[in-house]
Each structure stands twice: as C-alpha cells, then as structure tokens.
Amino acid sequence: MELKDTPFEFRHRFWIFIGIFWLAFACYAVDHVNTIQFLVEKLAHNGSRISEDELARILFLVSAALVFLGASIRAWGTSYLKTEVMGDKRVRSERLLADGPFRYVRNPLYLGNLIAGAGIGLLASRTGFLVLFFGLLIFGFRLISHEEKELSATQGEPYRAYCKAVPRFIPSLWPRVPSAGNHPHWLDGFLGEFWWFSFGVAGVVLAFTFQLAHPMRVYWIVVIGVGSLGWLLRRTLLPPAKPEPTAKSSG
C-alpha cells in the first residue's frame, strides 16, 4: 500500500491521531449502537448458550487484551528507540536500528497502534469502530511512506536490504535480520507507553462495572487516573534526556 504523505502530517502526527480517536467516538452522534452491544446481540440471536452479560464481559476483556497486546508491542519498540526519539518531529535517520521488534517487522509501533486501536474501537459505535480502525490504518501507512523515503535517502543500500529482509507491517514469526547488539531500556519503554496501558486497565475495570449507571464515565476516569500516574512516574523516574540518534521514529 503506497499513500502519498506530507511532512506536515509527520510533524503533527500526535494531534492527528488524537483527532482520529475523537472523530471515532463522535460518531455516537449518528450511530447510537455500541460495537460490543451490537456483537452481543448478534451472538445471542445466533443461539449462544452464554448469557448476554457474560458475552459482554468477555468482549470487554477481549477489548482490554487487544489494547495490552498493542501497548506491549509499542513498549518493546520504544524500549529500543527511547520515547524522546519516538516523539521527534523529524525522522531520526543517523543510524539504522535493527533490534528488538524491528527484526520481525519494520513498523512495530504503527502495528501496535492498530491493534490497540481495534481494542479501544470496540467501545465506540459501529461506525466509530470503522472510522478508528481504517483511520489508524490509512494514516499509519501515510506516515510509514514518509519515514521510508527519508530513511532510504539517508541510509541507502543498507536500509533497502533491510526492507527486503523484514516485512513492512505483518510481522514474521522469526527474526529476519541479526541482532545489532542494542540493549532495551525497558522502564523507558513501559512508561513511555503508559497511556496505552491505561486503556487496557480501564477495559478490565469496565468488564466488571459495565452494569453501573454510567459505565463509560468509570472507563474514562480510570484512563485519566492511570495515565496521569504513568506521566508522574515518568517525570519522577526518567528525567529528560538528550535523545540518541537512530534511524527509526514513530508516534
């Protein structure tokens, strides 16, 4: 998939991602049926022996599991990139990083976005789920196009050889290139992706509180509370540091 990108999109990718999520949940204004509610009704009508409440709880836990999986992939990648590099407004291309998840797939952070986004999208309306999933997919490939052009221009043949060996978006089951010998910064990676993990925690809480009067209010309270805790831990445990040059950058 090749999509023409613009440098503006890469520089402001964080806010565009926020806009995609906002637009997805704003779709409740035109589609009032929650995706999980829709799936529960479909499964119940097809003769499921599990009660609707149990089906809903299972699907909320599936939502949380997808978020945790996507967040873990991102944390794995961020532990090698460092969050300062990942959030840079330009593609860091001084050296090629081929370690950790980058040995299995060239764009693990965008893959993590899509998986976690699918989990969060289950809490949106049916239309919102589609907007979120395909919005993240299309915008992710636009950013990938921008990064790959920059890296190909600066890294030349080594990067092109890396692209031939490692899949672009669907990960290999085994490493496709040798380790470059870099060491992960696990605390940096985990705390750098704490906001994503907060959605997973909130999904678990929602699985056991969805029968309350305002379940989504509980969900967003948990997201904000856990996410803020992660931000405080990062500020406390990881003081600002000068980013190391690397050839991978992703939001």
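All of the numbers you see were taken from the coordinates with simple rules; none came from a lab. Being a predicted model, the structure only gives us computed values, none of them experimental. In this analysis, Cβ positions are derived from the backbone assuming ideal geometry, glycine residues included, and neighbour counts consider all displayed protein chains.
Listing for the model above:
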| quantity | calculated |
| --- | --- |
| Helix-only [θ]222 nm of the chain, DSSP H runs n ≥ 4, -39500 (n - 2.57) each, per residue, nearest 500 | -21000 deg cm²/dmol |
| Charge dipole (the chain, unit charges on Cβ, about Cα centre) - positive-most of Leu55, Ile138, Leu212 | Ile138 |
| Intensity falloff of the chain expressed as log10 I(q)/I(0), Debye formula with alpha-carbon point scatterers, at q = 0.17 Å⁻¹ | -1.29 |
| Net charge of neighbours whose Cβ lies under 15 Å from the Cβ of Lys164, counting Lys and Arg as +1 and Asp and Glu as -1 | +3 |
| Shape call, the range 42-191: gyration tensor on alpha carbons, a/c limit 1.5 | prolate |
| The chain: angle of helix 215-237 to the longest principal axis, Cα-based, in degrees nearest 10 | 30 degrees |
| Relative packing of peptides 37-45, 53-61, 171-179 - highest average C-beta neighbours within 10 Å first | 53-61, 37-45, 171-179 |
| Cα-centred dipole magnitude for the chain, charges only on beta-carbon of K, R (+1) and D, E (-1), debye, nearest 20 | 440 debye |
| Among 221-230, 25-34, the order from most to least packed when residues are scored by Cβ within 10 Å on average | 221-230, 25-34 |
